[in-house]
Structure formats: structure tokens, C-alpha cells
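Structure first, then comments.
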Amino acid sequence: MLDGFFRPKSVAVIGASRKRNKVGHVILKNLLSSFKGKIFPINPNAKKILGKEVYPSVLAVKDKIDTAIIAVRAETSLKVVEECGKKGIKNLIIITSGFAEVGNYELRKKLLSLLKRYKLVCLGPNILGTLDTYSGFDCLFLPRRRMMRPRKGNISFITQSGAIGSAVLDLTASEGYGFAKFVSYGNALQVDESDLLEYFGRDENTKIICMYIEGVKSGKKFLKIGKKVAKRKPVIVMKGGLSKAGSKAILSHTGSLAGSSEIYSGVFKQAGMIQVFSLEEMFDVAKILDKCGPPAGDRVQVITNGGGHGILCVDAIIREGLKLAEPSEKTVRKLREIFPPNVIVSNPMDLLGDATDERYRLAINACLRDKGIDIILIVLLYQTPLLTERIVKILGEAREKPIVVVSTGGKLTEKIRKKLEEAGLPCYLFPSNAVRAIKHLVRYYKSV
Ligand code: COA
């Protein structure tokens, strides 16, 4: 069980610095602002930090400590790990870098032998920390004024690279994505990507798992666990270092060994995971899986107020191997009766530049009733004069089929996009992103 890394009852911050911008200080500050358990700052050179009593070593703490976060330099790390072992602390989150990734295999070996001797479980070294929005445990060493924290939600993110993780978390949090857990696992000396995948697979708050990996420690273990987890919930995976040059860079980043890209793709496929090739694609897919239920099939109907966007949607639908829905005769007849004669009732259905919210409502309702349509792709271009924010309510009420929105534009578009997403609709800036996400939605539900 890896609960100690996400919801311990008590935690020590070893290397809790007095200096505001140092890693150990930021970790302590973040924990103090959201974690409800006991916190013990450790620093032999300080008496009080952020109003908390500081201990010279974990051995000076009388209470039981579940987890220690280690943020001292590599050369001091073995000493404090040994003290943790003596104190009986079971879980170590080792932030410190300077191990295998810089070729310091001797230090790695010594650390490993200490972990074995004291039966310690270690996450890291060379990591950013973990975050659990449900337990409030936030030991990321990034200040909140620099990196936004996400709201509670269904997505959990396992990332080998801390920087990728934090940059993406900051972006997606500001876009309104909801997360359950986040973990950066760096050199994976002990706890590896498969262990974390298994743990997130069983986590009831996690509905969708995103993974950024650079190397897999044991292919067999990964495939076995991956198969099990992917049956229960979607696992979206991206492998860094697919190119020869990229795989060389991996060795000095997290000390992992890269394998051939074909082997990785084969393993992901066999495990039933969703392989993506960019971070943008990863979170596009996470969003649609988070907000949409299963579609009945792969027939997509486009409704637009811009002819060009309609064409781009149709091209993308064909390119991604989806089908263009054919609205039934009844749908066509009914809409032709109520719409002005220049509205094109087909696929794409072009409601024209003077489309009103009401025109959209009528078109959407007809498509929801049409059994030949599985997914509705709606283009909303707010530069046109008659579209208003009332569209949010109209779309928010139409939940019987997956509805995906594309809106390209600036400030007003962004404002309404946020409201639509809060109402549960996945929104995308461009047709290609939306349709690629639809492809993954269809494929995922076809495979389970
Ligand atoms: N126990 C507890 N605290 C100790 C200690 C001990 N035995 N020995 C020293 N300390 C204190 C120091 O006095 C210092 O506190 P102070 O600033 O109040 O004096 C604090 O621990 C930090 O030690 P310091 O030597 O100043 O280290 P640092 O903050 O410069 O660097 C790391 C520590 C862990 C941040 C650094 O070694 C590191 O690994 N940085 C990279 C981290 C990284 O990128 N990880 C991967 C991200 S993806």
C-alpha cells in the first residue's frame, strides 16, 4: 500500500529550511496550508520555522511518524535516511537529486542497502513530491504563488519528470481540470511506475489515469498490472524519448534505460492503454473521458455557425477514421420546416453566421432524438452577433449523448468556454483536437 505517500497521518520535513525560497521551506509551507495531520519540521540549525517547533533530528521526535520528506543535499541524505530507519519511519519521499541520474551509482547503492536494512519504502529520489486533493497532502516543492493547485476531481497523474508534471498541472488547473492525485517518481529506485499504476487503479477517487514515463523498470510487471488496471479505468500513457536522440537524454534525466518505441507501443496496446504522442493530446483525451459517457457508436454530427469550421471538422472526422452521421429524413424534414431556407440541414449542419441560441437548441434537440447520430460536435463561434451565454444552459441540459464543443477565439470565447466546462462539456480550441479526442473516446468504449 502506498497510502503513506498520499495520506499519511504524520509527516517529518527533513531539511525544513529557514529561507523562504528553499525547497524544504516551501514544502513545509505547502503542508501547513492544507494538510490536517501532524507535521514535524527537522533542521539541526533552527529552533522555529513558520511558527512551528523544529527538531534537530527525527530521533528527537517522541510521536510516531508515518512519512519523512527528505530535502537535504545528497551528501547528507544517507545520514538522515539511517535516522529514519532507526526511528521506525516506514515511508520516505526523497526529493534530493544527485544519484544515478548524475552517475553517482555508489550513493545509489548505499541508499538502497539502507532501505533494505531498515525495510523502508522509498519514492524517488530526484522528485518533485506528491499531491492528494482529497486528503490535502501537498508536499510539492513549488510555491503556490507560482504553481496553481487543481480542484478536486477524477484525474490522477503519474509522471516520471517533475517539471513536465508541474507545468502541466499548473496549466490544466488554471483551465479547470479536476485532479485526485499527482505523483512525480523520478529515478524510481524502489517504487516504480507499475506500483503507482496499481495503487491508482485501486484508488476510488481516481477515474482516469494519465502517465508520462521515460522508462519502464520491468516490462513484465508493467504489462501485467497495466492489463488489470486498464480494464477498470482508462489509462492514458505517453512515453518520452521515442527518438534515438531523445532516449539518450533520458539517461541523464532520470537514469532510466529507454527501449525501442515499437516495443513500448506494443506493450501499451497489449495492456489496453491509450497511447498519446503529446501532452496536449493526453489532456484533451483526459477531458473527454472525464466529461462524456459512452457513445453508442462512431457516427458524428457536426452543427456549426461557421462553414469553414464545419469543413475542418468533417475532414478531421474522416482522417481519424470516424463516420459522418447521416441525419434521418425525419430530422431533415422537421428542421427544414422551422429554419430559414438558407440554413444547411445536412452534415455539417450550418446554422449560419446569424445563428441564435434558439436555432442551436432546435438543432441539438433534433440530433439528440435521431438514432442515426451517436456523438454531436458543436462549433460555437462567439464572434457572430446573435449567440449569447444562454447557450451554456441549453448545452448543459442536453446530456443524453456525448456532446463536444469547438470554439476558436479570444477573451469572450475563453470566458464562455470556462462556463461550458463547468456545466460538464468538453471544449476544444480547434476542430482537430476535438475530433482526435472523440476518436479516443469511441475507441476506449469499444475496447471495454
Ligand atoms: N537534517 C535536517 N536538516 C538539515 C540537516 C540534517 N541533517 N543538515 C542540514 N540541514 C538543513 C540546512 O541547515 C538547511 O536549512 P537552513 O537553510 O535553514 O540552514 C536545510 O537543511 C537545507 O539544506 P541545504 O544544505 O541548504 O540544501 P539546499 O536547500 O540547498 O538543497 C536540495 C537541498 C534537496 C533541494 C538539493 O540538494 C537538491 O537535490 N535539489 C534538486 C531537487 C530536484 O530538482 N529534484 C527533482 C525535481 S523533479
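Residue-by-condition table, conditions (1) within 9 Å of the ligand (Cβ to nearest atom); (2) at pLDDT 95 or above; (3) more than 15 Å from C122 (Cβ to Cβ); (4) part of a loop (DSSP other than H, G, I, E, B):
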| residue | (1), (2), (3), (4) |
| --- | --- |
| R7 | no, yes, yes, yes |
| N30 | no, yes, yes, no |
| K62 | no, yes, yes, yes |
| K79 | yes, yes, yes, no |
Exercise for review: Test A16 against the stated conditions and say whether it is within 14 Å of the ligand (Cβ to nearest atom), part of a strand (DSSP E or B), among the aliphatic types (A, V, I, L, M) and free of Cβ contacts under 8 Å to residues at least 60 places away in the same chain.
Suggested key: no
Practice item. Scan region 102-113 and give yes if some residue there is without any contact (Cβ under 8 Å) to a residue 12 or more places away in the chain, among the polar types (S, T, N, Q) and closer than 25 Å to S252 by Cα, otherwise no. Key: yes
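Inside region 223-243, can you point out the residues that are open to solvent by 60 Å² or more (accessible area, probe 1.4 Å), closer than 21 Å to E262 by Cβ and at pLDDT 95 or above? Reasoning before the result, please.
Filtering region 223-243 down to residues open to solvent by 60 Å² or more (accessible area, probe 1.4 Å) leaves 224, 227-228, 231-232, 242-243.
Still in the list and also closer than 21 Å to E262 by Cβ: 224, 227, 242-243.
Listed by number, the residues that qualify are K224, K227.
Residues checked against (1) within 21 Å of P295 (Cα to Cα); (2) in contact with a helix residue (DSSP H, G or I) (Cβ under 8 Å, 6 or more places away or on another chain):
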residue: N342; (1), (2): no, no
residue: D354; (1), (2): no, no
residue: R361; (1), (2): yes, yes
residue: N365; (1), (2): yes, no
residue: I373; (1), (2): yes, yes
residue: L377; (1), (2): yes, yes
residue: L387; (1), (2): no, yes
residue: R390; (1), (2): no, yes
Point to revise | Residue ID - surrounded by the fewest Cβ atoms within 10 Å (Cβ to Cβ), chosen from residues in region 81-97 that are near the ligand (Cβ under 10 Å from one of its atoms) and either of a type in the set (K, R) or under 33 Å from the mean Cα position of the chain (by Cα) (or both) | key: S97
Study note, to complete from the structure: Counted residues in region 391-419 being open to solvent by less than 20 Å² (accessible area, probe 1.4 Å) and touching a Ser or Thr at 6+ places or on another chain (Cβ under 8 Å) come to 3
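Quick test for you: out of V72, V54, pick the one residue that is farther than 19 Å from L142 by Cβ and either open to solvent by less than 20 Å² (accessible area, probe 1.4 Å) or near the ligand (Cβ under 10 Å from one of its atoms) (or both).
Working: V72 fails: farther than 19 Å from L142 by Cβ.
From the options V72, V54, the qualifying one is V54.
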Check your understanding: Considering only region 19-28, how many residues are out of contact with any Gly (no Cβ under 9 Å at 6 or more places or on another chain) and more than 9 Å from the ligand (Cβ to nearest atom)?
Key -> 4
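Of all residues in region 42-51, how many are within 9 Å of the ligand (Cβ to nearest atom) and either open to solvent by less than 80 Å² (accessible area, probe 1.4 Å) or modelled with pLDDT under 95 (or both)? First the steps, then the outcome.
Going residue by residue through region 42-51, those that are within 9 Å of the ligand (Cβ to nearest atom) are 42-46, 49.
When the remaining residues are screened for being either open to solvent by less than 80 Å² (accessible area, probe 1.4 Å) or modelled with pLDDT under 95 (or both), the result is 42-43, 46, 49.
Going through region 42-51 one residue at a time, the tally reaches 4.
The values are calculated or read from the model by the stated rules, or taken from the named source; none is laboratory data. Note that the structure is predicted; figures quoted are calculated from it, not measured. Note that we place each Cβ from the backbone using ideal geometry, even for glycine, and neighbour counts take in every protein chain shown. With ligands, DNA and RNA removed, areas are computed over all heavy atoms of the protein, side chains included. Shrake-Rupley method; radii C 1.70, N 1.55, O 1.52, S 1.80 Å.
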